[in-house]
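Visitor: A single structure is presented below for examination.
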Amino acid sequence: MSKPVVAIVGRPNVGKSTLFNVLAGERISIVQDTPGVTRDRIYAEVSWLDYNFTLIDTGGIEPDSGDIILSQMREQAQIAIDTADVIIFITDVRQGLVDADQKVADMLRRSKKPVILAVNKVDDFKKYMPDVYEFYNLGIGDPVPVSAASRLGIGDLLDEVAKHFTQEMLEEAEDDRPRIAIVGKPNVGKSSLINKLTGENRVIVSDIAGTTRDAIDTDIKYNGREYVFIDTAGLRRKNKIKEELERYSIIRAVTAVERADVVIIVIDATEGVTEQDAKIAGIAHERGKGIIIAVNKWDAIEKDDKTIYKHTEKIRQILSFMPYAEILFISAKTGQRTGRIFETIDVVLENNSMRVATGLLNEIMAEAVAMQQPPTDKGKRLKLYYITQAAVKPPTFVIFVNDKNLMHFSYTRYLENKIREAFGFKGTSLKFIIRERKED
């Protein structure tokens, strides 16, 4: 399944972040993130009726501002517009229709994307409706009155958004070919890697625009198996994205990761793992995707017999929340070790879809409990009754216990390590769900 992408845009101080938090169902600014990962929360997963979609928040657009910060916000918003399937254009009924709204509307018209016009801060429909009608002058459809702060009109707004979700957006075509997303900060060699992989001894089936995205999907056949590579570099705008804006490539990464089975995170060997790399890795980890870390430009590194060991240790330290990730040291320029990518993809795909028999799982858990007793609290000991695998992609396990409050994170990690020792699961995260069961 693929998810539509909805972007919230508008000029500054019209209530975009308030609406974003309401639609996301939580105050995103204080959401606890994956341990070891700090990132800007500019996206959220939203459910409405039978629909699931990815929501993107943006900075305010000041179309004519020369201010460096506002121009960066405008660039960020343009990336979101390029990425989105549907756009919510939010305005402010209290300030009324201003010239900047007209310019944002012109920008949105050029995008050729469906636009829902939301007029915010309508806390009293009777009082403000005459002012809402003024926004018809924007010429982009019927304005939807809402109050993000008071949570009024939100259902009507989401109904209008959902009308533009096509079956094509909601569902990938019947296609069992594995999808591989190439993600990473700008200029790390993502496109060069794609080009190398499509080279000698490989058959390019076709280059087609992504079903509902601007990313480029490249079909590659290797050793008789077909793969679809999603190159997020296809979403970069023609003008060079400023260094300060690199964090907004997260927008591009989210949509690519969502569609992928395996994510290849390309990092620059000469720079090491950056904060941006960690953010993108955190997204892939959260989504439970198979993960390969490709350390590119390895040909540019001076080496001794300990170089790979030192780089591996540093990567593991910074990305400590995903110790399972496979690491490859490559050069897209020279082709060094790029041939191992397909072999590693196949291993990760197999592990991400692996199922383990319930009997074997319970044997492993019994041995683990015998070797290290579960924790106690105020004289009460955690009891583990039963474990079973509930899903794949990622492998998801349900553990039944007497009191889930006693199931400390560290003991769950201990059990995860024992399962990995027994079955491998290289390259994929494992999810654990703790359920209480009444004692007989």
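The values are calculated or read from the model by the stated rules, or taken from the named source; none is laboratory data. The model shown is predicted, which means the values in this text are computed figures rather than measured ones. Don't worry about glycine lacking a Cβ; one is built from the backbone with ideal geometry, like all the others, and counts go over all protein chains shown. Note: accessible area is taken over every heavy atom of the protein model, side chains too, but ligands, DNA and RNA are not part of it. Shrake-Rupley method; radii C 1.70, N 1.55, O 1.52, S 1.80 Å.
Visitor: Ordering 273, 262 from largest to smallest accessible area (1.4 angstrom probe), what's the sequence?
Guide: 273, 262
Visitor: If I model a spin label as a point 7 Å beyond the Cα along the Cα-Cβ vector, how far apart are those points for residue 305 and residue 103 in nm?
Guide: Computed distance between label sites residue 305 and residue 103 equals 6.4 nm.
Visitor: Here's something else I'd like to know. Expected output is a single nm value to one decimal: the length gained when fully extending between residue 286 and residue 421, i.e. 0.36 nm times separation in residues minus the C-alpha distance. What is it?
Guide: Computed gain between residue 286 and residue 421 is 46.4 nm.
Visitor: Determine by what factor the alpha-carbon radius of gyration of segment 293-437 differs from 2.2 N^0.38 Å, reporting the quotient.
Guide: Cα-based Rg divided by the globular estimate yields 1.30.
Visitor: Using the Kirkwood radius over Cα pairs, work out the Stokes-Einstein diffusion coefficient for segment 343-419 at 10 °C and 1.306 mPa s, in µm²/s as a whole number.
Guide: 117 µm²/s
Visitor: Sticking with this one: Among the listed pairs 289/314; 380/418; 16/185; 103/185; 103/393; 103/126, which have their C-alpha atoms separated by more than 32 angstrom in this model?
Guide: Pairs exceeding the cut-off: 103/393.
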